[in-house]
Amino acid sequence: MSEPLWIAVCHRDDVIPDGGACVFYEGIQIAVFRIAARDEWYAVQNRCPHWNEQVLWRGMTGERDGEPKVACPMHKRTFSLRTGAAFAGDTPDLLTFPVRVVADGRVFVGVPSAEVVARERTAATHAPCGRAE
Ligand code: FES
């Protein structure tokens, strides 16, 4: 896998402890999370794969067996922030993105290849899974 393109998305003080922020990049939305107690940062697709809603940045963060997680604010499906794995078996996993915070406090997200970005952009415009039409 090639090195991601690192983009500056915000300053660490722009994200409240244990909160999230939403970043737009090349037509996709990325949710960035700051886990204060662990001094860790995570980034995942903002689109919850349950109903295809762009809401994860507003989700509640926490831990499950030591694994940092986010709960979707819509129906509380939970996902690992580290791996993107869904904790409910019938929900697709999330894309994850590496995060770096540099000495001056700027937060960078590593965005993957153009193909991955295009795939997420396409998925965001398709009918959601698990939702009655
Ligand atoms: S839209 Fe996220 S859990 Fe339903």
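Below, the figures for the structure above:
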{"quantity": "Every residue from the stretch 31-48 that is of a type outside the set (S, T, N, Q) and either more than 16 Å from the ligand (Cβ to nearest atom) or not in a strand (DSSP E or B) (or both)", "calculated": "Val32, Arg34, Ile35, Ala36, Ala37, Arg38, Asp39, Glu40, Trp41, Tyr42, Ala43"}
{"quantity": "Of all residues in the stretch 4-40 being among the basic types (Lys, Arg) and without any contact (Cβ under 8 Å) to a residue 40 or more places away in the chain, the one that is nearest to Arg77 (Cα to Cα)", "calculated": "Arg34"}
{"quantity": "Residue list for the stretch 29-60, filter: closer than 16 Å to Gly110 by Cα, of a type outside the set (A, V, I, L, M, F, W, C) and either under 8 Å from the mean Cα position of the chain (by Cα) or at pLDDT 95 or above (or both)", "calculated": "Arg34, Glu40, Tyr42, Gln45, Asn46"}
{"quantity": "Thr122 closer than 15 Å to Gln29 by Cα, modelled with pLDDT of 75 or more and surrounded by fewer than 18 Cβ atoms within 10 Å (Cβ to Cβ)", "calculated": "yes"}
{"quantity": "Condition check for Ala43: touching a strand residue (DSSP E or B) at 6+ places or on another chain (Cβ under 6 Å), surrounded by 14 or more Cβ atoms within 10 Å (Cβ to Cβ) and in contact (Cβ under 8 Å) with a residue 60 or more places away in the chain", "calculated": "yes"}
{"quantity": "Residue match in the stretch 42-51 (condition: touching a His at 6+ places or on another chain (Cβ under 8 Å) and more than 18 Å from Val117 (Cα to Cα))", "calculated": "yes"}
{"quantity": "Test: residue in the stretch 81-91 that is in a strand (DSSP E or B) and at pLDDT 95 or above", "calculated": "yes"}
{"quantity": "Every residue from the stretch 65-107 that is small (Gly, Ala, Ser), over 18 Å from Cys22 (Cα atoms), more than 10 Å from the ligand (Cβ to nearest atom) and touching a Phe, Trp or Tyr at 6+ places or on another chain (Cβ under 8 Å)", "calculated": "Ala85"}
{"quantity": "Residue match in the stretch 13-24 (condition: within 16 Å of the ligand (Cβ to nearest atom), over 21 Å from Arg121 (Cα atoms) and part of a strand (DSSP E or B))", "calculated": "no"}
{"quantity": "Among the residues listed as Trp57, Trp51, the single one being part of a helix (DSSP H, G or I) and either surrounded by 14 or more Cβ atoms within 10 Å (Cβ to Cβ) or away from the ligand (no atom under 12 Å from the Cβ) (or both)", "calculated": "Trp57"}
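The values are calculated or read from the model by the stated rules, or taken from the named source; none is laboratory data. Keep in mind the model is a prediction, meaning the values are calculated, not measured. All Cβ positions, glycine included, derive from the backbone under ideal geometry; neighbour counts span all protein chains shown.
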